[in-house]
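No lab work stands behind these numbers, since they all come straight from the coordinates. Predicted model, so just to flag it, every value in this text is computed and none were measured. Quick reminder, even Gly has a Cβ in these numbers, built from the backbone with ideal geometry, and neighbours come from all protein chains shown.
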Amino acid sequence: MHPRDNLAHFILASVVALGLTPLMVCVDAQAQARIAFMSDRDWNWEIYVMDADGGNPRNLTNNPGEDKNPSWSPDGKRIAFTADRNDREWNQQIYVMDADGGNQQNLSNNDSDESDPSWSPDGKRIAFVGNFDIHVMDADGGNPRNLTNSRQNDFSPSWSPDSKRIVFVSLRGLNSEIYVMDADGDNQRNITNNPGSDKDPSWSPNGKRIAFSSTRNGEPHDIYVMDADGGNPRNITNHPDSDWNPSWSPDGKRIAFVSNRTKDLNPDIYVMDDDGENLRNITNHLEDDDAPAWYNPVLSIAPTGKTLTMWGRLKQGD
């Protein structure tokens, strides 16, 4: 074959391969997406992980104490969670483990309860609730500090994708409202102001929206989505049974949440599109499932707001 024909053949093959690369990444992303959650299907609250479609559930903790509220590290190698395993009765502390359940370690060991861990997207810090204030510590448990130090109860922290802000819930008014602050605790401000109860905030991966649950249409709770500044709230479930604990998919197109809308009223984990369409129950278990936390290793490689770029060299043929 003429060298010029070889070159044309190589260029054509390279174009085809590069064209298929996004498809292969997309398929791989769907295959590896996982959701961590808590369940009492073994008659005790434990941390489980399952595929994003609800398949292949596995118990990661399997401990006599109660294990709750999982939160992925951004690299997907570890999971922070709440546990009451120490000698003090009902004393909850923050633990961390490998993504397969191994190497479980206590990051905090205090007299007061510490719960609701939320791993920062930059991987450096973990926000949590301690003595009804929002605290933050280094990812290894060091350097803990109180960010809110409020007279009223603060809870349910969730990081912005750039790790610069934290959204949380506070009882500083007549009912629970959603607040936002800088990651050092400065500039605390109320972004909801409604007679109903607003709770369970979850920041979208692109930083533009916050999902939350609310009773602003009357009991029970529904899942809402609003702009990150609190504007333009929309009810996306609007169901007569309770919906709570929303968690965004890494691509921002879907939301996992918890609902007791089954006939036996036990909480199950559901997934829907970000506009409330295409709802489906992905656990459908006789016992309670709660606190979904979504992770996708492929889509989480690049920091938020960045674009994945594939680098390589062209190999010269004969």
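Short-range pairs are left out: with C-alpha atoms under 8 Å and at least six residues apart, the relative contact order of segment 136-198 is 22 percent. Maximal additional length on extending the ASP53-ASP111 stretch stands at 17.0 nm, based on 0.36 nm per residue less the C-alpha distance. Computed extension length for ASP100-LYS164: 20.1 nm, one decimal, from 0.36 nm per residue of separation with the Cα-Cα distance subtracted. Packing order of peptides 38-47, 224-233, highest average first: 38-47, 224-233 (average count of other Cβ atoms within 10 Å over each peptide's residues). Looking only at segment 269-298, which residues have a backbone nitrogen under 12 Å from a spot 7 Å from the Cα of ASP75 in the C-beta direction? It comes to no residues whatsoever.
Centre-to-centre, using Cα atoms only, segment 91-120 and segment 159-186 are separated by 21 Å.
Let me know the charge dipole size of segment 58-126 about its Cα centre in debye, to the nearest 20, where only the beta-carbon of Lys, Arg (+1) and Asp, Glu (-1) is charged. Let's see the in-between values first.
Details: 8 positive and 13 negative charges, 63 e Å.
Computed about the Cα centre, the dipole is about 300 debye.
Between ASP288 and TRP43, the simple label model (points 7 Å from Cα in the Cβ direction) yields a spacing of 1.7 nm.
Once the Cα-Cα distance is subtracted from the 0.36 nm per residue extended length, the GLU219 to ASP140 segment shows a gain of 24.4 nm.
Straight-line cross-link reach from LYS263 at under 16 Å between alpha-carbon atoms covers these aspartates and glutamates, not counting any fewer than eight positions away in the same chain: ASP241, ASP243, GLU287, ASP288, ASP289. Dividing the radius of gyration of the alpha carbons in segment 36-159 by their Kirkwood radius gives 0.96 for Rg/Rh.
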